[in-house]
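Notes follow the structure.
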Amino acid sequence: MTFWLIVAAACLIGGAALAHPFLAAGPAGSGARARLVGAAAAAAIPLAGLGVYAAVGAPDFERIDAPVAGDPAQLDPEQRRAAIVGMVSGLEARLAEAPDDLDGWMMLGRSFAVLGEPDKSVDAYARAASLAPDDAGVVAAFARALLQRDPVGEGPLAPNVAEAFERLLALSPADPLALYVAGRAARDRGEIDLARERWAALLARMPEDRPERARLQGEIDALAP
């Protein structure tokens, strides 16, 4: 259970890392648009902290022989990272022997996100999504990993991001982040009525006290008639 305890402790920090590309200031996807995407992400992502582990279950990590002394919650960041890296190596070795282990790929994707390795996180989640293409939770994890790696900016969405969120929206029509990103994808394609429909659905789900409502309404109003 050592792996479980270490990664659980790390995920208390990792949730902030996962949200960072949506919420942090920066020239490409910053300001009000980034906060709007962050608001949708906050409403949609049940993956921060320990949620992902409750969702995918706990594989038998006793089989990963990498003991760590002490309480993992008390490890400093460098020790925690080193511990997770070691455990991830064990998980990768296990997945090489059991490539159809969906839970293992989900764990690996989340662990790489915590470690700040978005490309590897995307690859792991992509493998999971190939194993469970109709599972909304798995596809959501893959789509959000892509968005973490390639945040929404001022220009058109990356094609793989647009495709992943269209796929997610088909599986989970009320997902707030999917509604926003798929709305952007529709706008990029020139499907203005569809973009308006998706963003209006998101606006209807957004709490009245969220400041991002005004930004979203502005984006809706700015759509060509």
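What's the total number of residues in region 145-167 that are of a type outside the set (Gly, Ala, Ser), in contact with a helix residue (DSSP H, G or I) (Cβ under 7 Å, 6 or more places away or on another chain) and assigned to a helix (DSSP H, G or I)?
Residues of region 145-167 that are of a type outside the set (Gly, Ala, Ser), as a first pass: 146-152, 154, 156-157, 159-161, 163, 165-167.
If we keep only those that are in contact with a helix residue (DSSP H, G or I) (Cβ under 7 Å, 6 or more places away or on another chain) as well, we get 146-152, 156-157, 160-161, 165-167.
Now restrict to residues that are assigned to a helix (DSSP H, G or I): 146-149, 160-161, 165-167.
Qualifying residue count, region 145-167: 9.
Given the residues Ala185, Ala204, which is the only one that is out of contact with any strand residue (DSSP E or B) (no Cβ under 9 Å at 6 or more places or on another chain) and surrounded by fewer than 13 Cβ atoms within 10 Å (Cβ to Cβ)?
Values: Ala185 fails: surrounded by fewer than 13 Cβ atoms within 10 Å (Cβ to Cβ).
Just one listed residue meets the conditions, Ala204.
Only helices (runs of 4 or more DSSP H) wholly contained in region 175-225 count here; list those with 3 or more residues that are hydrophobic (A, V, I, L, M, F, W, C), in contact with a Lys or Arg (Cβ under 8 Å, 6 or more places away or on another chain) and at pLDDT 95 or above. Step through it out loud before you land on a result.
Numbers: elements: 176-188, 192-205, 212-222.
Hits in region 175-225: 176-188.
Which residue out of Gly190, Gly183 is of a type in the set (Gly, Ala, Ser) and touching a residue at least 12 places away in the same chain (Cβ under 8 Å)? Full working, then the answer.
Values: Gly190 fails: touching a residue at least 12 places away in the same chain (Cβ under 8 Å).
Unique residue meeting the criteria: Gly183.
Just to check your reading of the model, which residue among Ser89, Ser130 is surrounded by fewer than 16 Cβ atoms within 10 Å (Cβ to Cβ) and closer than 30 Å to Pro173 by Cβ?
Values: Ser89 fails: closer than 30 Å to Pro173 by Cβ.
Step by step, each of Ser89, Ser130 is checked, and only Ser130 is surrounded by fewer than 16 Cβ atoms within 10 Å (Cβ to Cβ) and closer than 30 Å to Pro173 by Cβ.
Just the residues that are in contact with a helix residue (DSSP H, G or I) (Cβ under 6 Å, 6 or more places away or on another chain) and basic (Lys, Arg), please, taken from region 168-195. It would help to see each step written out before you state the result.
Our first condition is that a residue be in contact with a helix residue (DSSP H, G or I) (Cβ under 6 Å, 6 or more places away or on another chain); within region 168-195, this holds for 168-169, 171-172, 175-183, 185-187, 194-195.
Answer for region 168-195, where residues must be in contact with a helix residue (DSSP H, G or I) (Cβ under 6 Å, 6 or more places away or on another chain) and basic (Lys, Arg): just Arg187.
The values are calculated or read from the model by the stated rules, or taken from the named source; none is laboratory data. Note that the coordinates shown come from a computational prediction; the quantities given were computed from them, not determined experimentally. Glycine also receives a Cβ, built like all others from the backbone with ideal geometry; neighbour counts cover every protein chain displayed.
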